[in-house]
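Asker: Supplied in structure tokens, the structure appears directly below.
Coordinate-derived values only; no laboratory data. Note that the structure is predicted; figures quoted are calculated from it, not measured. Backbone-built Cβ (ideal geometry, glycine too); neighbour counts: all protein chains shown.
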Amino acid sequence: MLAKKYRLGKDKDIRRVYQNQAAVFGRGIIINFANNNLSHSRFAFVVSAKTLSKAVDRNYYKRLLRDIVYQSLTIIPTALDIVIVIKKEITRMNFQEIQQELNMLVKKLNK
């Protein structure tokens, strides 16, 4: 479970990340990010109803990505607000592929 200090919960914070327009793209995931003035990164997960129509599926992939992020906190750069957007292609990927893609995109954030 991702601790509350690592969650990006306010709508205004999520909008600020989108307005920053910095993003990295993968096959099933898009990571939007912006700097914050904290000592840790915060995360939000977005899945639209158009992408996955059933709430069960949307919640499943959000839980899956939360778990992967929790396991990868040590390699994720600090002082970033990160919004992870899930694309439809993620349904064709298994856990290892999702984990590899997320880790690859996180490495791009370091550059």
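Asker: Looking at the range 94-102, is at least one residue within 17 Å of residue 24 (Cβ to Cβ) and among the β-branched types (Val, Ile, Thr)?
Answerer: Yes; the residues of the range 94-102 include at least one that is within 17 Å of residue 24 (Cβ to Cβ) and among the β-branched types (Val, Ile, Thr).
Asker: Provide a single number: the residues in the range 12-59 that are polar (S, T, N, Q), without any contact (Cβ under 8 Å) to a residue 40 or more places away in the chain and either surrounded by 16 or more Cβ atoms within 10 Å (Cβ to Cβ) or over 11 Å from residue 85 (Cα atoms) (or both). Outline the logic, then answer.
Answerer: At the first step, the residues of the range 12-59 found to be polar (S, T, N, Q) are 19-21, 32, 35-37, 39, 41, 48, 51, 53, 59.
Applying the additional criterion that residues be without any contact (Cβ under 8 Å) to a residue 40 or more places away in the chain yields 19-21, 48, 51, 53, 59.
This time we only want the ones that are either surrounded by 16 or more Cβ atoms within 10 Å (Cβ to Cβ) or over 11 Å from residue 85 (Cα atoms) (or both), so: 19-21, 51, 53, 59.
Qualifying residue count for the region: 6.
Asker: Could we say that residue 79 is over 11 Å from the mean Cα position of the chain (by Cα) and small (Gly, Ala, Ser) here?
Answerer: Numbers: over 11 Å from the mean Cα position of the chain (by Cα): yes; small (Gly, Ala, Ser): yes.
Considered against the rule, which asks whether it is over 11 Å from the mean Cα position of the chain (by Cα) and small (Gly, Ala, Ser), residue 79 comes out as yes.
Asker: Can you tell me which residue within the range 94-103, out of those that are more than 16 Å from residue 43 (Cα to Cα) and in contact with a strand residue (DSSP E or B) (Cβ under 9 Å, 6 or more places away or on another chain), is surrounded by the fewest Cβ atoms within 10 Å (Cβ to Cβ)?
Answerer: 101
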